[in-house]
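See below for the structure under consideration.
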Amino acid sequence: MKNVSLTEFRSHASGMLTEVENGETIVVMRHGRPIARVCPMSAPEQAEPSWKRPARRLTRKGAELTAAILKEREHEGIS
């Protein structure tokens, strides 16, 4: 990670963005305080929204959730 002043970032933005493309993370500082972090984007396959990924199967220890719900409904007399 590299810290640079805002002035330095504005003056050398193109070169610094090339560094970011190569994996460097840059923290932009103003008056000694960090104001922005410029970091590489995640790979497209990692940036996939959660709703597009396969869902997790819900299970209860020893049984599938669906089977457990159906068994409980039978026990309660609900159809």
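Quickly run through the range 49-68 and pick out the residues that are modelled with pLDDT of 70 or more, out of contact with any strand residue (DSSP E or B) (no Cβ under 8 Å at 6 or more places or on another chain) and either surrounded by 10 or more Cβ atoms within 10 Å (Cβ to Cβ) or not in a helix (DSSP H, G or I) (or both). Explain how you work it out, then say what you get.
Taking the range 49-68 first, the residues modelled with pLDDT of 70 or more are 49-57, 64-68.
Remaining after also requiring out of contact with any strand residue (DSSP E or B) (no Cβ under 8 Å at 6 or more places or on another chain): 49-56, 64, 66-67.
Within the range 49-68, 49, 53, 54, 55, 56, 64, 66, 67 meet the criteria.
Within the range 17-48, restricting attention to residues that are polar (S, T, N, Q) and modelled with pLDDT under 80, which residue is surrounded by the fewest Cβ atoms within 10 Å (Cβ to Cβ)?
Filtering the range 17-48 for residues polar (S, T, N, Q) gives 18, 22, 25, 42, 46.
This time we only want the ones that are modelled with pLDDT under 80, so: 42, 46.
Numbers: 42: 9, 46: 7.
Across the range 17-48, the extreme among qualifying residues is 46.
With the structure loaded, tell me whether residue 75 is modelled with pLDDT of 95 or more, of a type outside the set (A, V, I, L, M) and more than 26 Å from the chain's Cα centre (by Cα) or whether it fails that test. Give the derivation first.
On the way: modelled with pLDDT of 95 or more: no; of a type outside the set (A, V, I, L, M): yes; more than 26 Å from the chain's Cα centre (by Cα): yes.
In short, no.
Of the conditions (1) at pLDDT 95 or above; (2) among the basic types (Lys, Arg); (3) under 30 Å from residue 69 (Cα atoms), residue 10 satisfies every one except a single condition; which number is it?
(3)
The values are calculated or read from the model by the stated rules, or taken from the named source; none is laboratory data. The structure presented is a predicted model; accordingly, all values stated were derived computationally and were not measured. Neighbour counts run over all protein chains shown; Cβ positions are idealised from the backbone, glycine included.
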